[in-house]
1. Quick check: anything in segment A:293-305 over 21 Å from the mean Cα position of the chain (by Cα) and within 25 Å of residue A:24 (Cα to Cα)?
2. State all residues of segment A:174-197 that are at the interface with chain B (Cβ under 8 Å from one of its Cβ atoms), over 18 Å from residue A:42 (Cα atoms) and out of contact with any strand residue (DSSP E or B) (no Cβ under 7 Å at 6 or more places or on another chain); if no residue qualifies, say none.
3. What's the number of the only condition in (1) surrounded by fewer than 19 Cβ atoms within 10 Å (Cβ to Cβ); (2) free of Cβ contacts under 8 Å to residues at least 24 places away in the same chain that residue C:152 fails to meet?
4. Condition (residue is part of a helix (DSSP H, G or I), surrounded by fewer than 24 Cβ atoms within 10 Å (Cβ to Cβ), at pLDDT 95 or above and touching a helix residue (DSSP H, G or I) at 6+ places or on another chain (Cβ under 8 Å)) applied to segment B:17-25: is it met by at least one residue?
5. If we scan segment A:250-268, do we find a residue that is away from chain D (no Cβ under 14 Å), at pLDDT below 95, surrounded by fewer than 23 Cβ atoms within 10 Å (Cβ to Cβ) and in a helix (DSSP H, G or I)?
6. Residues of segment D:79-90 being within 17 Å of residue D:140 (Cβ to Cβ) and at the interface with chain A (Cβ under 10 Å from one of its Cβ atoms), which ones?
7. Sort out which residues of segment B:91-128 are away from chain C (no Cβ under 13 Å) and under 17 Å from the mean Cα position of the chain (by Cα), and write them in order of number.
8. Take the conditions in contact with a strand residue (DSSP E or B) (Cβ under 6 Å, 6 or more places away or on another chain) and within 14 Å of chain B (Cβ to nearest Cβ) and apply them to residue C:10. Does it pass?
């Protein structure tokens, strides 16, 4: 039986990948960032997700990151490893690396070149769950994969003993609330939400927690929001949510294109001395005018989130 | 000053339009349905929305429906009137009809043939708000209009004294929670959510209420969920939400195409003896096999929602 | 029998709607524009299409435009009238107006609020074709209607004696070439292409002609391209195509948003003294900096297209 | 200087990848298929494209396929190798393999997880072209990559001495005809079209040729259509096009989902004794009822295309 002893709940940041250049890991940065997150109270760390730029990294770098992160964390919190790939055999190989270094679980979005039909998704995830020795989280990310893992598909896959939960980054409130209701009698099936803006609203309704990008920089405020919501304290949740929303408001809108969000986070972490702000190609790190804006944002947030 | 005396909160069903045929109103059905809704505890009635098949109705029928509904309601709850049209002059004409029959406010989605840019949206809504004597709700419905009314656009338009709120049917939890946070210091600006599945989650976070389609058939359970969430009773909200979710689960998935949801509601209301199940062309009412399925669903729901 | 005596072939411009303001027709502009087009050699005139801003016009203006255009044309070329509306009864009413003023045919895109399924499309168009006394062209415009009229649906509808052709504005070369092949044995079913850039390529393969927006300003060059392609003169077609492409290249990219194309055409016609450059709300006419750019473009084109 | 001595023109099939199972190449199948294609008159062979299921293959299999194909082809026609990957370093590694085995050029679609902005695309392709020793074709595939390589971006990249052409699989006739016109004075920049249905229409207008999936099974008819169009024989082109269209009509619509097209081709090749019909996971080969349909289709096509 592969399921972890206890169910995971809380904030599990999608860790950015500290890089010196596209094919060189910033190992000191990984050390610093892991300490920063654990000190911030996170319940787990998710590496090689979308925010971790996994799709732009070589197999070599991915392997180094898994090893380095697991060594730094050293069992203090569970490490979840993204193994999303369009080739199922490459995913399985990466899952073996994760198992070797004692990660807790793996996370996989659907293959993202061809959009699969729902029966194809069921077969795909069944194969993956059969072949991975670690427990598997489904990862719903339709804006990037062009495929929704439909609620009926999630329910079907939840019957596989090695499929233990789902992370949803669709931003679709109907989808997430439908899942919460469908799984009301299977509370051990973990439902995590990606977008931090809606995290509080779904944790109040019973979600397991959030895979919140902003928690890379300011883990405490995300943990506080989660705790207030998990404790069903509505007033406090709203009050803390309004503080937490400052992170995305100040940090994510600088620059253009879908990569701005990751650039904002990496630049902020660099300014805080935690790790390098390098982004793997085809992305570029911010130039000086944008960096200046991030600097102002970080100074503002440091004060407001105290 | 056009804003209503007190802010609207609670369940405001998007009333279906009872029809004898595409160009003939089921007036007895309107009477019955209005009584059914008011008896069910709704806070207002929204006619000529998406669920009301407004886009498929002639101007003649729309005018009759406004008149008939306002007469039946007779001031017991506010009546909101959808005036969405691609021609702004047709919208303004309909708003005048709504004002004549003492509706409380009008509701308009963006023009839905050409997708507008955000500055075009601001000019469009400013013109509409200037020309309408009734207060105006924005209606965000990107799946049908191909345009998101971006948060910054909503904020800009909220400064117009005649723009009093927004109904969001995007199903996008990030969007809605962002609006809740942005308008935390303007609580008089009303934020209603369309999709019933996520209503509880956002009312807990401070939303004004829900424009819930299922409340056409079972208004009480939606009102109960709203009240529990508005009263910040998290456990009760979840408990009632799980009951409420049975409505969409049992009633909306019968038949194919986007119209199934409206067909399910109209057939259920017909089976309950409230109004005709006719749909305006190009939609068709369910045939016998689907009707039979709705019958079974209604019998099940009647028991479970008691 | 409703089909016109002879099959239409050639360039049928989607005429822009000359306006004094949103609800006032520029009647002198209509006169001038009709003469400009007929003098330019067009085979027909299509009013109240997308380029004609039909969706932004009131019923009153649409009626006036139909009457005025038919009077000006006075039988010299066929007039096609767009009757696209989300309400089938409003479409039928407009078709009656078109018939009254002796238009040749009507043109209808699918209802564009709800996206219909293919069986719903078949029922919709069958109803419309049954009720219209004039022959009907299907109008495929998925970017605006969210629905493709699939090839199988076109074939099914082509069996209706009152459905005589299709205008395709999908820009999808696979779709159009598939239709050409499917209708190889029904050459009387007319297949017109919207986007002018691909007109030559499909006329070479047998298409009936083009509903080319740029032909509002420079009808001759479009007619020349059509003739070269219809006469199977490949070298001349390519040579003329390269000239014709200057129109879209110079005129359509000024300004932002989907409306730029119509603004470019209207501003050019205004600079040529043919009609007003007013656009119906929610669109705005170009301001001086953009007008200046159009002026330079028109001067350049006037020289190059001589 | 890396550009090939002479410009490539004609039919360059996107070769399917013969497999025994997901991670085992059908080497005998590769031999047979290469002979079948060359005998059929193709001008080149493109491996590891979309039709080649490249994204579902491990690095090991990709390497084996490059080697095996190049050995079989043995310089008789150019071999083009798809190196599309979300990690630019994995793409570069694969390009080195292609160079080692004497392939003629490499082909890369944009990274397909994050959708890139146009300036990001320019930087990405510039890096790739700088680092690859073989000439590079751009590959526009927006349905899978969520990014259009805009005409201006193509023009900018065409200035790089190592970027020699583009394969467009957008099915967008406006886009392709715009490129043909933009590159009228750079005829050495090769413009190939993916979808076979529109190949004839654009070759008539000057395109370099087609990367036609159906040419895997029936190369001759595609070569014939190409030749007729390249020779500007319009009547013959249309006549042959109508025969060629039978391939997609009969073979691609069997089964569901986006993979049906590849399944139809692989099953047909298997029935002809050329190679195995296995598909890499997450796809499945057809089961008996679908195989039976393909069998009937192949028998029909074998007769009709004689």
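1. yes
2. Matches in segment A:174-197: A:174, A:177, A:178, A:181, A:184.
3. It is condition (2) that residue C:152 fails.
4. The answer is no, given that none of the residues of segment B:17-25 is part of a helix (DSSP H, G or I), surrounded by fewer than 24 Cβ atoms within 10 Å (Cβ to Cβ), at pLDDT 95 or above and touching a helix residue (DSSP H, G or I) at 6+ places or on another chain (Cβ under 8 Å).
5. Yes, segment A:250-268 has at least one match.
6. If the condition is that a residue be within 17 Å of residue D:140 (Cβ to Cβ) and at the interface with chain A (Cβ under 10 Å from one of its Cβ atoms), then D:84, D:85, D:86 are the ones that fit.
7. Start the filter on segment B:91-128 by keeping residues that are away from chain C (no Cβ under 13 Å), which leaves B:95-107.
Residues satisfying the conditions are B:95, B:98, B:103, B:104, B:105, B:106, B:107.
8. When the stated conditions are applied, residue C:10 does not pass them.
The values are calculated or read from the model by the stated rules, or taken from the named source; none is laboratory data. Because the structure is predicted, anything quoted here is derived from the model rather than measured. So basically every Cβ, Gly included, is an ideal-geometry build from the backbone, and we count neighbours across all protein chains shown.
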